[in-house]
Amino acid sequence: MPKRHIIYTSIRNKKIKSSMKNTVIIGATTNTSRYAFRAAETLTKYGHEIFPVGIKKGTIFGKEISSIFTRPQFEDVDTVTMYINPERQREWYDYIIGLKPKRIIFNPGTENAELEKKAEATGIEVLEACTLVMLGTNQF
């Protein structure tokens, strides 16, 4: 797996330091009308390495969707971005925390106080936010 890279982009003639973040997308899908798909598209467009994890097989932006049932492991995970509802998250708590991300983004509709508390107890930053908005406003 590639290490994080630092690049510089120019926005309105200002140089902004931006680091590439290895991002696991929980709830990844090939359905173009879903926000998880749009997040994968935008993360890829911004140069972030994505690791799509979902229930259904498929390929998005050159990446095979790994089956959540196999609990795929990834190294140097910066961010886990959630796109599954809290009821479905329960059976994956240990897996998600075991990825050892620096942060978990709970997108609208995925907020989960129980998992958030468990993550924070292990030192993982928790954000109730929208990945797409964060990317669009340079807060990712």
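Read-outs: derived from the displayed coordinates by stated rules, not from any lab. This one's a predicted model, so the numbers in the text were calculated from it and none came from an experiment. All Cβ positions, glycine included, derive from the backbone under ideal geometry; neighbour counts span all protein chains shown.
Once you list every other residue whose beta carbon is under 12 Å from the beta carbon of residue 101, what net charge do they have if Lys and Arg are +1 and Asp and Glu are -1? Charge balance near residue 101 sits at 0.
Within the listed set 55, 105, 26, the residue fluctuating most in the Gaussian network model of the chain (springs between alpha-carbon atoms under 10 angstrom) is 55.
Largest GNM mean-square fluctuation across 62, 27, 123, computed for the chain with C-alpha springs under 10 Å, falls on 62. Restricting region 50-128 to chymotrypsin sites (Phe, Trp or Tyr not before Pro) that sit in a DSSP loop and have at most 15 other Cβ atoms within 10 Å of their own Cβ leaves 61.
Sorted ascending by nearby beta carbons within 10 Å, beginning with the fewest, 135, 43 become 135, 43.
Assuming a ≥ b ≥ c are the square roots of the Cα gyration tensor eigenvalues, decide whether region 43-90 counts as rounded (a/c under 1.5), prolate (otherwise, with a/b larger than b/c) or oblate. Prolate is the answer for region 43-90, as a/c is 1.5 or above and a/b outweighs b/c. Pick out, from 69, 97, 108, the residue whose Cα sits farthest towards the positive end of the charge dipole of region 21-136, with +1 on the Cβ of Lys and Arg and -1 on the Cβ of Asp and Glu. Checking the options against the dipole of region 21-136, the answer is 69. Spatially, region 77-140 and region 48-76 are offset by 16 Å when compared through their Cα centroids. Counting lysine pairs in the chain that sit 8 or more residues apart in sequence, or on different chains, and whose Cα atoms lie under 15 Å apart gives 10. Among 31, 85, 22, the largest mean-square fluctuation in a Gaussian network model of the chain, built with springs joining Cα atoms closer than 10 Å, belongs to 31.
Once both labels are positioned 7 Å from their Cα atoms along Cα-to-Cβ, the gap between residue 133 and residue 45 label points is 1.8 nm. Here 65, 104 are placed in order of increasing Cβ neighbour count within 10 Å, fewest first, which gives 65, 104. Taking only DSSP H segments of four or more residues, each worth -39500 (n - 2.57), what value at 222 nm results for the chain once the sum is divided by all its residues, to the nearest 500 deg cm²/dmol? Helices in the chain give a 222 nm mean residue ellipticity of -6500 deg cm²/dmol.
Relative to the longest principal axis of the Cα atoms of the chain, helix 35-45 runs at roughly 40 degrees. Once each of the trypsin sites (Lys or Arg not before Pro) sitting in a DSSP loop with at most 13 other beta-carbon atoms within 10 Å is removed, the chain keeps 58-140 as its longest stretch.
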